[in-house]
Amino acid sequence: MAMARTRAGLGRVEAAVKHAQRRCPFLHKNPGVISSASPVSDITPVEIQPPALKLLASKCPVMAPVIHSPAMKLGQDTLTTAAVATAHEELMMATTVVQGRTECTEIDTPPPLCPVTNTIQYPENVKCPFSHTSNGGRVAPPTADGFDYRKKFAELIQRKKDDASYRIFNTVRRNAKEHPIARYYRRDWQDAEEAPTSDGEPSPPRDKNVEVWCSNDYLSMSMNSELVKTVVEVGMTEGVGSGGTRNISGNNYHHERLEAELAELHNKEAALIFTSCFVANDSSLSSLGSLLPNCIYYSDASNHASMIQGIRNGRSEKRIFRHNDVGHLDDLMAMDDPAAPKIVAFESVYSMCGTVAPIDEVCDVAKKHNAYTFLDEVHAVGLYGDTGAGIAERDNVMDKVDVISGTLAKAYGTLGGYIAGPRELVDVVRSYAPGFVFTSSLPPMVAAGATKSVQLLKGETGTKLRADHQRKSRRLIEMLEEVGIPVLPTQSHIVPVAVGDARICKSISDQLLRDHDIYVQSINFPTVARGTERLRITPGPRHTDAMMERFVDALSSVWAEHGLEFMPSQTPASFADDAADDAASA
């Protein structure tokens, strides 16, 4: 009987230790702590008491603070198995994961001791493997009044303002009939004449017409009369919402129509629509990485944040290859296990610099190493290729790409994102991706409008708009280069003007808006690396020659007023390491 109780006790100890290893962020990341202790099966009844189990617990930042709690003891020195399990369960409920890093919140116990320094106040130069806080790795001591949330939020915002990365979103009301003319509204209650009225209602804000030069509605399809008519008709007959997730409310007819249209567009077996392409990229890449055993990602250094986020959330190994450097990609892949599943993630058009990927070469290297290719065509669908399927269609390599992601919110002028690829892969993402399963689906009216837009851009309407769009982009680049405005080398419709200073870039944008009625947004960190700030200009078919002349004149004037140098078309020195900086941040 005693031996049976001993075995049962050992079983509970083993279960508690395994539970601790699974749930505790320190033990999970430091398996040597467990393995260095005596095997549970070898622990004698005496060793169930300290030192074995207590020594193990004392090395754990979750358990250490509660060892001394009276509620966790039987007698003076005995830590029970039940206490181990209970303490871990309760304290893990007070442990949160923020952006992949574990932070411990206080739960009626002293702050956890750092396993590195064995102190609560961590030195600036020490990175604690358990608690990573925004103040350099220290755990803030408890205060009588508790944590000051407002103060912390204010500090975080001030930090953004101090380094000139704080963003102010302008209020603009678009005009379907006069696009790219829009109505700009400015609310500035510092001016007495704009102060609230005596009855508490705000006086009408100052407003004026402006020319928009930074929209991603590249072809002005959101204003297309046929598309608008389709959206209105479906909205009137089916309402403005979808009723929830497809998991609950089912597939809408317009969802299935749109997915069939997109699969055909990209010559793939199936397609799946999401609420945005950020969600599509994040959901798809993270699901594939977490489901494929020992998967390895290979990511272009200039990939969009949505792809970087998906790769992070996939929690698999990753390699970052230099921007558009196929040789570097090949070298990295050659060093890894040939049998491991691999995903090469890259874009066709990189939206902040305008470069275009060598899709054919990337696919060849990927196939050489038995890797899947995941191509983001967000800034290319609708704009390139005979039917608007993107750069892969233009370059006649669409069949070499395994998975294509795209957006319905830019050239197609509506809302949403999607993937298109092999039927089994699409079904896996549909079945496993939380970003699809637990998110309300696109409204039927939006899906119907997107379908109409894809169909229009497949035909003559798209052919004409694409030609006009490319012509306007080429012409604006020529005009800027003629006056010495430094345009970064671009292979696409995107016109990036190099500034290289966050405050100056914002000032130029503000002055163009204030003095010249021209709206072009400044681009700063984290969208681009620090020191590579720029104006990102996107001329479209509706920008006239007269508008382009006014724009170039205005920018030249403001450029000179800021004391910036006029130069021939070239990449400024500060922009040369842009891709390297992006790689480091990824």
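The values are calculated or read from the model by the stated rules, or taken from the named source; none is laboratory data. On a predicted model such as this, the values are computed, not experimentally measured, just so you know. Because the Cβ atoms are built from the backbone with ideal geometry, glycine has one as well, and the counts that use them run over all protein chains shown. Side chains included, ligands, DNA and RNA excluded: accessible areas come from the protein's heavy atoms. Shrake-Rupley method; radii C 1.70, N 1.55, O 1.52, S 1.80 Å.
So residue 235 clears everything in (1) part of a loop (DSSP other than H, G, I, E, B); (2) open to solvent by less than 60 Å² (accessible area, probe 1.4 Å) except one condition, right? Which one? With respect to (1) part of a loop (DSSP other than H, G, I, E, B); (2) open to solvent by less than 60 Å² (accessible area, probe 1.4 Å), residue 235 is out only on (1). Those residues that are among the small types (Gly, Ala, Ser) and either closer than 19 Å to residue 390 by Cβ or touching a Phe, Trp or Tyr at 6+ places or on another chain (Cβ under 7 Å) (or both), I need them from the stretch 279-300; list them, please. 280, 283, 284, 287, 289, listed by residue number. Every condition in (1) touching a strand residue (DSSP E or B) at 6+ places or on another chain (Cβ under 6 Å); (2) more than 22 Å from residue 389 (Cα to Cα); (3) of a type in the set (Ser, Thr, Tyr) is met by residue 276 except one, and the failing one is (2).
Residue-wise test of (1) over 30 Å from residue 311 (Cα atoms); (2) of a type in the set (Asp, Glu); (3) modelled with pLDDT of 95 or more.
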residue	(1), (2), (3)
535	no, no, yes
539	yes, no, yes
547	yes, no, yes
552	yes, no, yes
557	yes, no, yes
562	yes, no, yes
572	yes, no, no
579	no, no, no
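The set of residues from the stretch 219-230 being hydrophobic (A, V, I, L, M, F, W, C) and either open to solvent by less than 30 Å² (accessible area, probe 1.4 Å) or touching a Pro at 6+ places or on another chain (Cβ under 6 Å) (or both) comprises 219, 221, 223, 227. Checked against the criterion of being buried (at least 24 other Cβ atoms within 10 Å of the Cβ), β-branched (Val, Ile, Thr) and under 18 Å from the mean Cα position of the chain (by Cα), the stretch 373-383 contains one or more residues that satisfy it. Residues satisfying the criterion are present in the stretch 214-222 (criterion: under 17 Å from residue 442 (Cβ atoms) and not acidic (Asp, Glu)). The sole residue among 254, 266 that is open to solvent by less than 10 Å² (accessible area, probe 1.4 Å), of a type outside the set (Ser, Thr, Tyr) and closer than 27 Å to residue 231 by Cβ is 266. Every condition in (1) closer than 21 Å to residue 358 by Cβ; (2) open to solvent by 60 Å² or more (accessible area, probe 1.4 Å); (3) not hydroxyl-bearing (Ser, Thr, Tyr) holds for residue 343 except the one numbered (2).
Only one of the numbered conditions (1) part of a helix (DSSP H, G or I); (2) at pLDDT below 90 is violated by residue 168, and that is (1).
When the stretch 496-526 is examined, which residues are found to be of a type in the set (Ser, Thr, Tyr) and either open to solvent by less than 30 Å² (accessible area, probe 1.4 Å) or out of contact with any helix residue (DSSP H, G or I) (no Cβ under 8 Å at 6 or more places or on another chain) (or both)? Explain how you work it out, then say what you get.
At the first step, the residues of the stretch 496-526 found to be of a type in the set (Ser, Thr, Tyr) are 507, 509, 519, 522.
Across the stretch 496-526, the qualifying residues are 507, 509, 522.
Can you tell which of 320, 311 is under 22 Å from the mean Cα position of the chain (by Cα) and open to solvent by less than 40 Å² (accessible area, probe 1.4 Å)? Quick ask: steps written out before the conclusion?
Numbers: 320 fails: open to solvent by less than 40 Å² (accessible area, probe 1.4 Å).
Selected residue: 311, the only one of 320, 311 that is under 22 Å from the mean Cα position of the chain (by Cα) and open to solvent by less than 40 Å² (accessible area, probe 1.4 Å).
The set of residues in the stretch 229-249 that are at pLDDT 95 or above and touching a Gly at 6+ places or on another chain (Cβ under 8 Å) comprises 230, 231, 234. Among helices (runs of 4 or more DSSP H) entirely within the stretch 386-495, having at least 3 residues that are over 24 Å from residue 232 (Cα atoms), in contact (Cβ under 8 Å) with a residue 12 or more places away in the chain and open to solvent by less than 10 Å² (accessible area, probe 1.4 Å) singles out 460-483. Got at least one residue in the stretch 519-528 being within 24 Å of the chain's Cα centre (by Cα) and part of a strand (DSSP E or B)? The answer is yes, given that some residue of the stretch 519-528 is within 24 Å of the chain's Cα centre (by Cα) and part of a strand (DSSP E or B).
For the stretch 451-460, does any single residue satisfy the condition of being charged (D, E, K, R), touching a strand residue (DSSP E or B) at 6+ places or on another chain (Cβ under 7 Å) and at pLDDT 95 or above?
First, the residues of the stretch 451-460 that are charged (D, E, K, R): 452, 458, 460.
So of that shortlist, the ones also touching a strand residue (DSSP E or B) at 6+ places or on another chain (Cβ under 7 Å) come out as none.
No, there is no match, as no residue in the stretch 451-460 is charged (D, E, K, R), touching a strand residue (DSSP E or B) at 6+ places or on another chain (Cβ under 7 Å) and at pLDDT 95 or above.
Tally the residues that are among the small types (Gly, Ala, Ser) and assigned to a helix (DSSP H, G or I), restricting the search to the stretch 496-506. Talk me through it step by step, then tell me what you get.
So the first thing to find is which residues in the stretch 496-506 are among the small types (Gly, Ala, Ser), and the list is 498, 500, 502.
Subset that is assigned to a helix (DSSP H, G or I): 502.
Going through the stretch 496-506 one residue at a time, the tally reaches 1.
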